[in-house]
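**Student:** Following this message is one structure expressed as structure tokens.
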Amino acid sequence: MTRRDADPTPPGQQGGTQTLERTRVQRPRLYRVLLLNDDYTPMDFVVMVLERYFRKSDQEAQLIMLAVHHKGQGVAGVYTRDVAETKVAQVTAEARRHGYPLRLVAEPEAGE
């Protein structure tokens, strides 16, 4: 075996310099999941949804439900796009199973 055969440098790059490329990784865009007020969905159902699907404590769920009731909408959580869309679909399906018209939307977070 000659010395050249033991060289780990690929052919055509002996004696040259190698350039390393760095890839910049950006944080994924975040989306707010908003609950929208309606005149038919019971407040208890909204609280249950916030506790079960968004892992809110009873106190947090009550505050968000009151924001929905008084201000017309409330933020259930902030997630990546796929997670936000999944939560919207899951909660919408749950509301329909119970016969409620509860609406949720996922919108890009401001400043992103």
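**Student:** Considering only residues that are over 28 Å from Pro28 (Cβ atoms) and buried (at least 18 other Cβ atoms within 10 Å of the Cβ), which ones fall in region 69-99?
**Tutor:** Selection gives nothing.
**Student:** Take Val46 and decide whether it is within 22 Å of Ala110 (Cα to Cα), modelled with pLDDT of 95 or more, touching a strand residue (DSSP E or B) at 6+ places or on another chain (Cβ under 8 Å) and of a type in the set (Val, Ile, Thr).
**Tutor:** no
**Student:** May I ask you to say which residue of Thr2, Thr17, Thr9 is of a type in the set (S, T, N, Q) and either open to solvent by 100 Å² or more (accessible area, probe 1.4 Å) or modelled with pLDDT of 95 or more (or both)?
**Tutor:** Thr17
**Student:** Given the options Val91, Val75, name the one that is in contact with a Phe, Trp or Tyr (Cβ under 7 Å, 6 or more places away or on another chain) and either of a type in the set (A, V, I, L, M) or in contact (Cβ under 8 Å) with a residue 12 or more places away in the chain (or both).
**Tutor:** Going through Val91, Val75 in turn, the sole match is Val91.
**Student:** Quick test for you: out of Leu50, Leu66, Leu102, pick the one residue that is crowded, with 16+ Cβ neighbours inside 10 Å and more than 16 Å from the chain's Cα centre (by Cα).
**Tutor:** Leu102
**Student:** Can you name the number of the only condition in (1) touching a residue at least 12 places away in the same chain (Cβ under 8 Å); (2) open to solvent by 70 Å² or more (accessible area, probe 1.4 Å); (3) polar (S, T, N, Q) that Gln59 fails?
**Tutor:** Here Gln59 clears every test but (1).
The values are calculated or read from the model by the stated rules, or taken from the named source; none is laboratory data. Remember, predicted model here, so these are calculated numbers, not experimental data. When we count neighbours, we look across all protein chains shown, and the Cβ atoms used for this are built from the backbone with ideal geometry, even at glycine. The protein model used for the area step is the full one, side chains on, heavy atoms only, and it has no ligands, DNA or RNA in it. Shrake-Rupley method; radii C 1.70, N 1.55, O 1.52, S 1.80 Å.
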